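The values are calculated or read from the model by the stated rules, or taken from the named source; none is laboratory data. None of the values given here were measured: they were computed from a predicted structure. Ideal geometry is used to build each Cβ from the backbone, glycine not excepted, and the neighbour counts take in all protein chains shown. Areas reflect the complete protein model, heavy atoms only, side chains present, ligands, DNA and RNA absent. Shrake-Rupley method; radii C 1.70, N 1.55, O 1.52, S 1.80 Å.
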Amino acid sequence: MNKEKRIQILQRLRENNPKPTTELEFNSPFELLVAVLLSAQATDVSVNKATRLLYPVANTPQAIFDLGVDGVKHYIKTIGLFNSKAENLIKTCRILIDQHNSIVPENRDALEALPGVGRKTANVVLNTAFGWLKDNEGKYFIAVDTHIQRVANRTGYAKGKTVEETEQSIIKNTPNKSEFMFDLHHWLILHGRYTCVARKPKCGSCIIEDLCEFKEKTE
């Protein structure tokens, strides 16, 4: 795929959704951190249902820590892997209280040091909560999940066998980074969630079908 085709893809995605954002519901960096932590192997819909019950009761590190593991489980038991997520969330709150004055750190290394928080979660928080395009070293980044991995590889926009390889390929191949990188995560994840779906992509209603290099297009 050449540069001109990628620019057209990005322009169409932007025209279709000029101000994309996460479908996770949050009102603070901490609420977003919790939601993303809970979203591993779970849908945003299921996470939102749980946090709508949890956040009115506890939406700060201290308040959630005070609930304890069993108290948190009560609110998130409908989400996959809720046992380990509850434990990680309590450990994360303890670290935020003890080491960060109950404030979500605006720093990749500090975020990734939190239990249950990996590179993708850190990237989402830095991008969506704090508006970052680049990390602490001045390098562009993008949070890559299974949807973005699929869309990037299927369309030919970027190639990578792992999420790390795909992230680097997306960064390398995205033109005009200052113009497109901030919203690219949301454009790709929403496209993968609703159009370029896993089992049978909806190519007939896809706004970038003619630019996509997927050879087994559907109606």
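A compact table of results
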| item | result |
| --- | --- |
| Cross-chain or 6+ apart pairs with Cβ under 8 Å, segment 107-129 first and part of a loop (DSSP other than H, G, I, E, B), then among the acidic types (Asp, Glu) | PRO115/GLU87; GLY118/GLU112 |
| Matching residues in segment 192-211 - criterion: being part of a loop (DSSP other than H, G, I, E, B) and under 22 Å from ALA143 (Cβ atoms) | THR195, CYS196, VAL197, ALA198, PRO201, ILE208 |
| Where a residue in segment 203-219 is in contact (Cβ under 8 Å) with a residue 12 or more places away in the chain and under 20 Å from LEU190 (Cβ atoms) and its partner, wherever it lies, is basic (Lys, Arg) and exposed (fewer than 10 other Cβ atoms within 10 Å of the Cβ), with Cβ under 8 Å and at least six apart | THR218/LYS200 |
| Residue match in segment 195-207 (condition: crowded, with 20+ Cβ neighbours inside 10 Å and within 30 Å of PRO29 (Cα to Cα)) | yes |
| Residue match in segment 38-57 (condition: under 18 Å from GLY118 (Cβ atoms), among the hydroxyl-bearing types (Ser, Thr, Tyr), in contact with a helix residue (DSSP H, G or I) (Cβ under 6 Å, 6 or more places away or on another chain) and outside any helix (DSSP H, G or I)) | yes |
| Qualifying residues in segment 155-174 (those that are charged (D, E, K, R) and without any contact (Cβ under 8 Å) to a residue 24 or more places away in the chain) - the one surrounded by the most Cβ atoms within 10 Å (Cβ to Cβ) | GLU165 |
| Tally, over segment 30-81, of residues that are open to solvent by 50 Å² or more (accessible area, probe 1.4 Å), touching a residue at least 40 places away in the same chain (Cβ under 8 Å) and under 20 Å from the mean Cα position of the chain (by Cα) | 2 |
| Boolean, ARG12 is in a helix (DSSP H, G or I) and open to solvent by 50 Å² or more (accessible area, probe 1.4 Å) | yes |
| Options ASN101, ASN88, ASN16: the member that is at positive phi and either modelled with pLDDT of 95 or more or among the hydroxyl-bearing types (Ser, Thr, Tyr) (or both) | ASN101 |
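Residue-by-condition table, conditions (1) β-branched (Val, Ile, Thr); (2) open to solvent by less than 50 Å² (accessible area, probe 1.4 Å); (3) out of contact with any strand residue (DSSP E or B) (no Cβ under 7 Å at 6 or more places or on another chain):
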site	(1), (2), (3)
ASN107	no, no, yes
LEU114	no, yes, yes
THR121	yes, yes, yes
ALA129	no, yes, yes
ASP135	no, yes, yes
ILE142	yes, yes, yes
THR146	yes, no, yes
ASN153	no, yes, yes
